[in-house]
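Engineer: First the structure, which I've put down as structure tokens, then a few questions once you've had a look.
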Amino acid sequence: MILFIMKTRKRLLLLLSIFLLTITALYAQDLSEIERKIVERVEANHAEALQFLETNVNINSGTMNFDGVRKVGQNYIDAYNELGFETRWIPQDEVNRAGHLFLEQNGTSGKRMLLIGHLDTVFEEDSPFQTFEMLDESTATGPGVNDMKGGNVMILYALKALKEAGAIPDAQIIVALIGDEERAGSPVSKSRKDLVEAAKRSDVALGFETATGFNHATIARRASFSWMLEVTGRQAHSSGIFSERTGAGSVYETARILNRFYEELIEEYLTYNVGVIIGGTQVDYDAENIRGTVSGKTNIVPQTTIAHGGIRFLTQEQGERAFQK
Ligand SMILES: [Zn+2]
């Protein structure tokens, strides 16, 4: 049985490079009057932005830490109130998640913009990685500095600089800070309903999560799903393994299937990973939390093996082809 479940991205190494100052200094001489003003405001607010990042990184907001997600959200409610944006907290009790924060400037001219961030991180309260730290004067580490508390700060301080420079367009601007990006509430038709609605009444959507490294803009993102393979064998004494009656057991069979994925399912932009594998005579697997317990005997052919992994693909068609295979 292979199940495909909607799953979100995870980042292991999280680094935020604070490069705005350098870039703006390099190009300052070619800027128009208004652009110079914007740069001035970015520079003036830089220390405050960094402090705001540190404050929010030091609040644990693992997806399942609802209090933490709300606390980070509250800091943004206060900040956007100051910018004159309408703030709307959308509870997600129905899908067992903290909620989303939507911030909106009403406006009538220009392109309608949707700026997307998320409040949660992959680091739950039991993670050993909890604290913001500057590694040198332009690089910081901490849970979610890159994915994507740094991006959230960029959205806020870009808008703030525009506002202070008198350059913010009189346009509809929606900032969507999702509360369960790393582990979406189910069904996604509910947990992503408000984001979809906001997108439908916008002309342009920009995501502020760094995907391909700094100094790049990404114009396509791959879809990401998780899959689960559950293999059942015939439990028997190991002396009979490989016989017609006993077979090879669930562990060998799983290895055979995974090896075929590895050998035959290779194409550009398609990647897949086995994150966890668990097999034996007694398997208890918790797919939601990706952990489990197992027992077996060296002289017993195992009956159950579960492999759980992720897959990414660029187009719907590529995904369907991979699932089919
Ligand atoms: Zn993210």
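The values are calculated or read from the model by the stated rules, or taken from the named source; none is laboratory data. Note that this is a predicted model, so its numbers are computed, not measured. Cβ: placed from backbone, ideal geometry, glycine included. Neighbour counts: every protein chain shown. Calculation scope for accessible area: heavy atoms of the full protein, side chains included, ligands and nucleic acids excluded. Shrake-Rupley method; radii C 1.70, N 1.55, O 1.52, S 1.80 Å.
Engineer: Does the range 70-86 include one or more residues that are part of a strand (DSSP E or B) and open to solvent by less than 20 Å² (accessible area, probe 1.4 Å)? Walk me through it before giving the result.
Structural biologist: The initial filter retains those residues of the range 70-86 that are part of a strand (DSSP E or B), namely 86.
Now restrict to residues that are open to solvent by less than 20 Å² (accessible area, probe 1.4 Å): none.
Checking the range 70-86: not a single residue is part of a strand (DSSP E or B) and open to solvent by less than 20 Å² (accessible area, probe 1.4 Å).
Engineer: Which residue pairs have Cβ atoms closer than 7 Å, lie 6 or more positions apart in sequence or on different chains, and pair a first residue in the range 166-180 that is surrounded by 19 or more Cβ atoms within 10 Å (Cβ to Cβ) with a second residue that is among the basic types (Lys, Arg)?
Structural biologist: Hits for this filter: 172/112; 179/97; 180/97.
Engineer: Tally up the residues in the range 301-325 that are touching an Asp or Glu at 6+ places or on another chain (Cβ under 6 Å) and part of a helix (DSSP H, G or I), please. Step through it out loud before you land on a result.
Structural biologist: Within the range 301-325, the first condition is being touching an Asp or Glu at 6+ places or on another chain (Cβ under 6 Å), and the residues that meet it are 306.
This time we only want the ones that are part of a helix (DSSP H, G or I), so: none.
Final tally of qualifying residues: 0.
Engineer: If you scan the range 133-186, which residues turn out to be within 19 Å of residue 208 (Cβ to Cβ), basic (Lys, Arg) and within 13 Å of the ligand (Cβ to nearest atom)?
Structural biologist: Within the range 133-186, just 149 meets the criteria.
Engineer: If a residue has to be open to solvent by less than 70 Å² (accessible area, probe 1.4 Å) and either charged (D, E, K, R) or in a strand (DSSP E or B) (or both) to count, how many in the range 87-110 make the cut? Even if it seems obvious, please write down each step before you answer.
Structural biologist: Narrowing the range 87-110 to residues open to solvent by less than 70 Å² (accessible area, probe 1.4 Å): 87, 90, 92, 95, 97-105, 107, 109-110.
So of that shortlist, the ones also either charged (D, E, K, R) or in a strand (DSSP E or B) (or both) come out as 87, 90, 92, 97-105.
Result for the range 87-110: 12.
Engineer: Looking only at the range 217-237, which residues are open to solvent by 40 Å² or more (accessible area, probe 1.4 Å) and either away from the ligand (no atom under 16 Å from the Cβ) or part of a strand (DSSP E or B) (or both)?
Structural biologist: Step one: filter the range 217-237 for residues open to solvent by 40 Å² or more (accessible area, probe 1.4 Å), giving 217-222, 225, 230, 232, 234-235, 237.
Those that are open to solvent by 40 Å² or more (accessible area, probe 1.4 Å) and either away from the ligand (no atom under 16 Å from the Cβ) or part of a strand (DSSP E or B) (or both): 217, 219, 220, 225, 230, 232, 234, 235, 237.
Engineer: If you don't mind, there's one more thing I want to ask. For the list (1) open to solvent by less than 60 Å² (accessible area, probe 1.4 Å); (2) free of Cβ contacts under 8 Å to residues at least 24 places away in the same chain; (3) of a type in the set (Gly, Ala, Ser), I need the number of the one condition that residue 191 fails.
Structural biologist: Result: residue 191 passes all but (2).
Engineer: Do any residues in the range 228-242 that are hydroxyl-bearing (Ser, Thr, Tyr) have Cβ atoms under 9 Å from those of residues that are at pLDDT 95 or above and not in a loop (DSSP other than H, G, I, E, B), where the two are at least six apart or on different chains, and which pairs are they?
Structural biologist: Correct list of pairs: 232/250; 232/253; 232/304; 232/305; 238/249; 238/300; 238/301.
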